[in-house]
Every structure is written in structure tokens, then in C-alpha cells.
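Undergrad: Can you read through this structure? Questions will come right after.
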Amino acid sequence: MAEREFVRALIGHLGSPDDLVRVWRALEADAQRRVLCFLVASLEDPDVFVEAESLLVVLLPHCVSDAAREPAVSALRAARETSKFSETRRSAVHVLLQTGLL
């Protein structure tokens, strides 16, 4: 899956948010939408949920369009209520709070 490889590359940029945002803004809306949805789904993966949460906090405010952002925001709002994992629910709330979407 292309999103998985791209997310691995993004994780490498977590130490330099400016570089991360620059790479992110270069993506088209559809690519951003796919990556964001992958990150939201990754909140339930015990191996990468911390990184996924960090990436969502940095990337969501820098989407090129609402169309790119909205599916992920909807999924985050649903996850905070319906996820079977309490850590995923907490992560979803944290992302929404940090990005001003809650």
C-alpha cells in the first residue's frame, strides 16, 4: 500500500515539522485524503498509533482543501465514540482538540 510507505517517510520528518508541512502541502487533495484516512485507521494499530496521532496533529491544519480533511475528521469523530480501544478514543479526542476541530 502506497499510503503505508508514505507514512513511514513522514514519520521520519516528525523531528522537523517545517519539512513535514512542506512535503504535505506539495500533495494533491486526493493523496492527502487517502493518507489522512490511513492515519486515522492507524490509531487502532498498537505499533504506530502514537506516530499516527502526532502526524494527524501536525498535518490536519495544513490540508489543501476541506475535501481532503473532512473524511478524516468524520472518522476521528466516529472513533472517539465507537472505537473498542480506549487509547484510540483518547487519541481521536486529542487530535480533534489540538487541531481546533472539537
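Undergrad: Once you put a point 7 Å from the Cα of residue 66 and another 7 Å from the Cα of residue 86, both along the Cβ direction, what distance in nm separates them?
TA: Those two pseudo-labels are separated by 3.6 nm.
Undergrad: Another question, if that's okay. Taking the Cβ of residue 36 as the center, what net charge do the other residues with Cβ under 10 Å away carry, scoring Lys and Arg +1 and Asp and Glu -1?
TA: Neighbour charge sum, excluding residue 36 itself: +1.
Undergrad: Could you give the length gained by full extension between residue 3 and residue 77, i.e. 0.36 nm per residue of separation minus their alpha carbon distance, to one decimal place?
TA: 24.5 nm
Undergrad: Loop only by DSSP, 14 or fewer other Cβ within 10 Å of the Cβ. Give me the GluC sites (Glu not before Pro) in region 4-102 that pass, ordered by residue number.
TA: 28
Undergrad: P(r) tail for the chain, what percent of Cα pairs lie past 23 Å?
TA: Cα-Cα pairs of the chain separated by over 23 Å account for 16 percent.
Undergrad: Continuing with the same structure: Calculate how steeply helix 49-59 sits against the longest principal axis of the alpha-carbon atoms of the chain, using the helix alpha-carbon long axis, and give the answer as 0 to 90 degrees to the nearest 10.
TA: In the chain, helix 49-59 runs at an angle near 50 degrees to the longest axis.
Just so you know, all these numbers are worked out from the coordinates, no wet-lab data involved. Being a predicted model, the structure only gives us computed values, none of them experimental. Here the Cβ is made from the backbone with ideal geometry for all residues, glycine too, and neighbour counts use every protein chain on show.
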